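S.K.: Pasting in a structure now, in structure tokens, and then I'll have a few things to ask.
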């Protein structure tokens, strides 16, 4: 019996990591309950609380691209201190989100279901809050770029896009969407880019190889090696 107690080879994570995971782990039912109770997102206290324990989708691009440890440490500290970022661009995006969603519904004839915070059951250190759900297998992510708010949308003025108006795999938005697809269990996303004079729908499919080989190992390393050491 003693040998079994001290044999942690069966654990999917090292023991000290497993102890942390035990504190933030969710069951399928509790994950559904969190999502249900956080549909108002930023207006919900629980949304902020549950996010504070995890790496969320909007942060994943930056985390995966860090090369210097000191930059990783500085970023981890900013997450732990929960520093609120305020900018004109962010405020514009928030204020126009509902308008953009209504424009998407009008353009596509599809109903967007608002949703809360999704927490991964398998990787409970990862969370995501898409802008909406479409049908049974699609999510919606809305972007209202302030820098081109009165311009037509193109690769020449919106660096996240390729010349064929597909989302670049190097874009932080690509990392964000792939993380959202991982956590929600859905297979594709409509990225809706909206300005005062133009709108574009870009379909982004789930990239399992990208998720398994890049996102999960890098986010896992960041979370356990930096966030949990502080």
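S.K.: Testing the spin-label approximation: label points 7 Å from Cα along Cα→Cβ at residue 151 and residue 73. State their distance in nm.
M.R.: For residue 151 paired with residue 73, the spin-label model returns 3.9 nm.
S.K.: Based on the Cβ-Cβ distance of residue 107 and residue 170, what FRET efficiency does E = 1/(1 + (r/R0)^6) give at R0 = 35 Å, to the nearest 0.05?
M.R.: It comes out at approximately 0.80.
S.K.: Between segment 39-64 and segment 174-192, how many Å separate their Cα centres?
M.R.: Cα centroid of segment 39-64 versus Cα centroid of segment 174-192: 15 Å apart.
S.K.: Could I have the simple spin-label model distance between residue 203 and residue 62, label points 7 Å from Cα toward Cβ, reported in nm to one decimal?
M.R.: Calculated label separation equals 3.3 nm.
S.K.: Taking neighbour counts of Cβ atoms within 10 Å as a proxy for exposure, in what order, fewest first, do 150, 198 appear?
M.R.: So the residues, fewest neighbours to most, are 150, 198.
S.K.: Arrange 129, 30, 209 by Cβ neighbour counts within 10 Å, fewest through most, would you?
M.R.: Ascending Cβ contact count within 10 Å gives the list 209, 30, 129.
S.K.: log10 I(q)/I(0), Debye, Cα-only segment 133-230, no solvent, q = 0.24, 0.25 Å⁻¹?
M.R.: Debye curve over Cα of segment 133-230, log10 I(q)/I(0) at q = 0.24, 0.25 Å⁻¹: -1.19, -1.25.
S.K.: Can you give the extra length, in nm with one decimal, that the chain gains between residue 211 and residue 52 once fully stretched, where that is 0.36 nm per residue apart less the Cα-Cα distance?
M.R.: Full extension from residue 211 to residue 52 adds 55.0 nm.
S.K.: While we're here: Looking at segment 76-230 only, what percent of DSSP beta bridges run antiparallel? Nearest 5 please.
M.R.: Expressed as a percentage, antiparallel bridges in segment 76-230 total about 70.
S.K.: Ok, one more. Determine, for 161, 181, the number of other Cβ atoms within 10 Å of each Cβ, and report the residues in order from fewest to most.
M.R.: 161, 181
S.K.: Calculate, for residue 162 and residue 86, the FRET efficiency according to 1/(1 + (r/R0)^6) with r their C-beta to C-beta distance and R0 30 Å; round to the nearest 0.05.
M.R.: E between residue 162 and residue 86, to the nearest 0.05, is 0.45.
Read-outs throughout are calculated quantities, based only on the coordinates presented, and are distinct from any laboratory measurement. Computed from a predicted model, the values in this text were never measured in an experiment. Note: ideal-geometry Cβ built from the backbone for every residue, glycine included; neighbour counts use all protein chains shown.
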